[in-house]
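Each value in this text was obtained by applying a stated rule to the coordinates, not by laboratory testing. Keep in mind the model is a prediction, meaning the values are calculated, not measured. Cβ sites come from the backbone with ideal geometry, for glycine too, and all protein chains shown count toward neighbours.
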Amino acid sequence: MAKYVYPAVFTQEDNGQFSVNFPDLESCYTSGDNLQDAIFMSEDILAYVLFDYERDKKVIPVPTHPSEISLEKGEFINFIIADTLDYQKRNNNKSVKKTLTIPEWLNELAISDDINFSQVLQEALLKKVGK
């Protein structure tokens with residue numbers, strides 16, 4: 001999981017809405033009712049698609065330099081930022097049950113101290129993965 005910056009092509013439609021396309025990423029496009037909405041939606045779809053690439057272990061393409069992107073009349077380029085770890089934290093937060101094995105004496109000490117096993121494991125895992 002990482003942070004990315006990709007160029008997006010914005011096109012204002014006749015109805016005032018904006019279409020957004022990421023030329024470097026297959027099936028990565030969205031739209032918004034206005035420019036602010038289009039930027040918000042483009043951040044979300046970019047993070048979703050890149051998270052999908054990471055999860056499927058696909059090669060993540062190098063972003064094209066804006067000077068190499070052809071634009072039609074009325075189009076412009078804006079850079080969009082995506083943080084796939086942040087995206088995963090917001091959208092993939094379902095609890096997963098895990099079974100673990102610890103010595104009985106440690107279990108008894110932890111129970112007597114009212115230690116929350118799930119919380120301790122989460123904190124230890126976050127520290128271990130450096131997030």
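One table, with the values for the structure above:
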{"item": "The chain: calculated mean residue ellipticity at 222 nm from DSSP helix runs of at least 4, using -39500 (n - 2.57)", "result": "-12500 deg cm²/dmol"}
{"item": "Distance between modelled label sites at residue 113 and residue 17, nm, 7 Å Cα→Cβ extension", "result": "5.7 nm"}
{"item": "Cα centroid separation, the range 54-127 to the range 19-44 (Å)", "result": "22 Å"}
{"item": "Label-point separation in nm, residue 71 to residue 124, each point 7 Å along Cα→Cβ", "result": "5.4 nm"}
{"item": "√(5λ) per eigenvalue of the Cα gyration tensor, the chain, largest first, Å", "result": "44, 15, 10"}
{"item": "Förster radius 25 Å - calculated FRET efficiency between residue 93 and residue 64, Cβ distance, rounded to 0.05", "result": "0.15"}
{"item": "Dipole axis of the chain (+1 Lys, Arg; -1 Asp, Glu on Cβ), positive-most option in 106, 40, 62", "result": "106"}
